[in-house]
Amino acid sequence: MKIDKVELIYFSPTRTTKNTLMAIAEGLGAGRVEHVDLTPAGTDAGELKEIGGELVIIGTPVYSGRVPLSAAKRLQRLKTRGGAAVVVVVYGNRAYEDALLELKNIVAEAGFTPVAAAAFVGEHSFAGETLPIANGRPDAEDLRKAKMFGKAVREKMEHKGTHTEPRSLEVPGNFPYKERAKPSRVTPVTRKGACTACGKCVEFCPVAAITLQNDSVVSDGNMCILCCACVKDCPEGARVVEDATARERMEKLSVNCRARKEPEIYLL
Ligand SMILES: Cc1cc2nc3c(=O)[nH]c(=O)nc-3n(C[C@H](O)[C@H](O)[C@H](O)COP(=O)(O)O)c2cc1C
């Protein structure tokens with residue numbers, strides 16, 4: 001059985017989740033790959049197209065051991081036709097805790113049948129050259145494993161007709177989920193001399209926390225989710241996290257999360 005079409009549905013401010021999903025889709029060898037990108041700020045309101053049918057791959061990053069709230073809310077807005085779903089979280093080499101279970105439950109509540117799940121590792125949103133945390137991941141080895149995972153899902157679907165599999169997919173995690181981290185109100189700041197007011201940070205911010213006012217970048221700490229898309233995507237390297245507590249947290253992560261973690265997969 002050739003899979004005709006797979007839809008990739010993701011929230012991925014720094015694109016490690018998106019890249020992982022694309023590699024899984026490659027391994028699946030579907031005829032067509034469509035993207036439903038829930039990252040842009042506009043996707044938290046307005047009409048979303050109906051998705052689902054044959055197979056979807058749904059992915060989010062892990063934020064403090066959970067599915068990011070912005071992602072959970074956007075996924076809950078989707079109109080779905082149901083069908084089989086592959087559920088994927090991508091985390092920054094610390095831990096994914098309850099995120100995979102939470103995402104699996106969100107996906108099931110949306111009407112899909114989770115048939116496979118995985119936790120992959122991506123460069124930590126807070127990482128940089130001076131504070132490396134899983135830098136460059138997903139790397140070639142991760143992407144190879146992602147493709148193999150896609151192939152394994154295809155083989156399962158070919159041999160078992162997993163849509164009607166009576167067993168339910170088991171993944172690690174606890175319910176009730178761990179409490180969400182309190183909003184930190186911390187936001188990256190713009191180094192004045194370096195900023196050219198190009199507006200890329202405004203464009204890439206998934207929660208519309210950044211505005212350009214008289215050629216000055218203004219960030220709203222109450223809205224910022226610290227995804228660091230603006231830091232990683234600024235062509236001038238002008239966005240930085242300066243907050244002392246946040247820097248301390250990043251330094252600790254950089255020291256404590258050095259040991260390489262490998263992708264984990266769960267199949268029915
Ligand atoms: C606010 C925040 C909290 C995070 N919490 C965790 C965590 O609990 N465990 C972990 O390993 N990585 C954590 N990360 C790192 C991201 O899960 C990781 O960098 C992921 O690859 C980002 O996905 P994206 O590139 O699709 O945005 C966190 C990142 C942010 C911004």
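The values are calculated or read from the model by the stated rules, or taken from the named source; none is laboratory data. This is a predicted model, so every value here is computed, not measured. For neighbour counting, all protein chains shown are included, and Cβ atoms are generated from backbone atoms with ideal geometry for every residue, glycine included. Just so you know, the surface numbers come from the protein's heavy atoms only, side chains and all, with ligands and any DNA or RNA stripped out. Shrake-Rupley method; radii C 1.70, N 1.55, O 1.52, S 1.80 Å.
A few remarks follow.
- Within the stretch 37-54, the residues that satisfy the criterion of being more than 23 Å from His124 (Cβ to Cβ) and either open to solvent by 50 Å² or more (accessible area, probe 1.4 Å) or free of Cβ contacts under 8 Å to residues at least 40 places away in the same chain (or both) are Gly42, Thr43, Asp44, Ala45, Gly46, Glu47, Leu48, Lys49, Glu50, Glu54.
- Residue in the stretch 201-211 that is farther than 19 Å from Leu38 by Cβ and under 22 Å from the mean Cα position of the chain (by Cα) present: yes
- Selection within the stretch 100-139 - open to solvent by 40 Å² or more (accessible area, probe 1.4 Å) and either outside the structural domain of Lys73 (by TED's automatic domain parsing) or among the aliphatic types (A, V, I, L, M) (or both): Ala108
- Filtered residue count, the stretch 1-19, keeping only those that are touching a residue at least 40 places away in the same chain (Cβ under 8 Å), within 12 Å of the ligand (Cβ to nearest atom) and either among the charged types (D, E, K, R) or in a loop (DSSP other than H, G, I, E, B) (or both): 5
- No other residue among Cys227, Cys198 is open to solvent by 30 Å² or more (accessible area, probe 1.4 Å) and in a loop (DSSP other than H, G, I, E, B) apart from Cys198.
- Taken as a whole, the structure leaves Leu21 outside the set of residues that are in the same structural domain as Lys151 (by TED's automatic domain parsing), modelled with pLDDT under 95 and either under 11 Å from the mean Cα position of the chain (by Cα) or surrounded by 22 or more Cβ atoms within 10 Å (Cβ to Cβ) (or both).
- Ser168 being more than 30 Å from Ile3 (Cβ to Cβ), modelled with pLDDT under 95 and in contact with a helix residue (DSSP H, G or I) (Cβ under 9 Å, 6 or more places away or on another chain): no
- Only one of the listed residues (Thr187, Thr211) is touching a Gly at 6+ places or on another chain (Cβ under 8 Å), surrounded by 13 or more Cβ atoms within 10 Å (Cβ to Cβ) and without any contact (Cβ under 8 Å) to a residue 60 or more places away in the chain. That residue is Thr187.
- Tabulated pairs, the stretch 61-81, first not assigned by TED's automatic domain parsing to the domain that holds Ile106, second outside any helix (DSSP H, G or I) and crowded, with 21+ Cβ neighbours inside 10 Å, C-beta under 7 angstrom, 6+ apart or interchain: none
- The condition of being in contact with a helix residue (DSSP H, G or I) (Cβ under 7 Å, 6 or more places away or on another chain), in a loop (DSSP other than H, G, I, E, B) and not assigned by TED's automatic domain parsing to the domain that holds Pro114 holds for Pro206.
- Here Asp142 meets each of (1) open to solvent by 40 Å² or more (accessible area, probe 1.4 Å); (2) assigned by TED's automatic domain parsing to the domain that holds Val56; (3) assigned to a helix (DSSP H, G or I) with one exception, condition (1).
- Residue in the stretch 83-92 that is among the hydrophobic types (A, V, I, L, M, F, W, C) and over 17 Å from the mean Cα position of the chain (by Cα) present: yes
- Test for Ala72: is it in contact with a helix residue (DSSP H, G or I) (Cβ under 8 Å, 6 or more places away or on another chain) and at pLDDT 95 or above: yes
- Matching residues, the stretch 20-61, being part of a helix (DSSP H, G or I) and either within 15 Å of the ligand (Cβ to nearest atom) or in contact with a Phe, Trp or Tyr (Cβ under 8 Å, 6 or more places away or on another chain) (or both): Thr20, Leu21, Met22, Ala23, Ile24, Gly27, Ala41, Thr43
- The lone exception for Ala246 - which of (1) part of a helix (DSSP H, G or I); (2) in contact with a Leu (Cβ under 7 Å, 6 or more places away or on another chain) it fails: (2)
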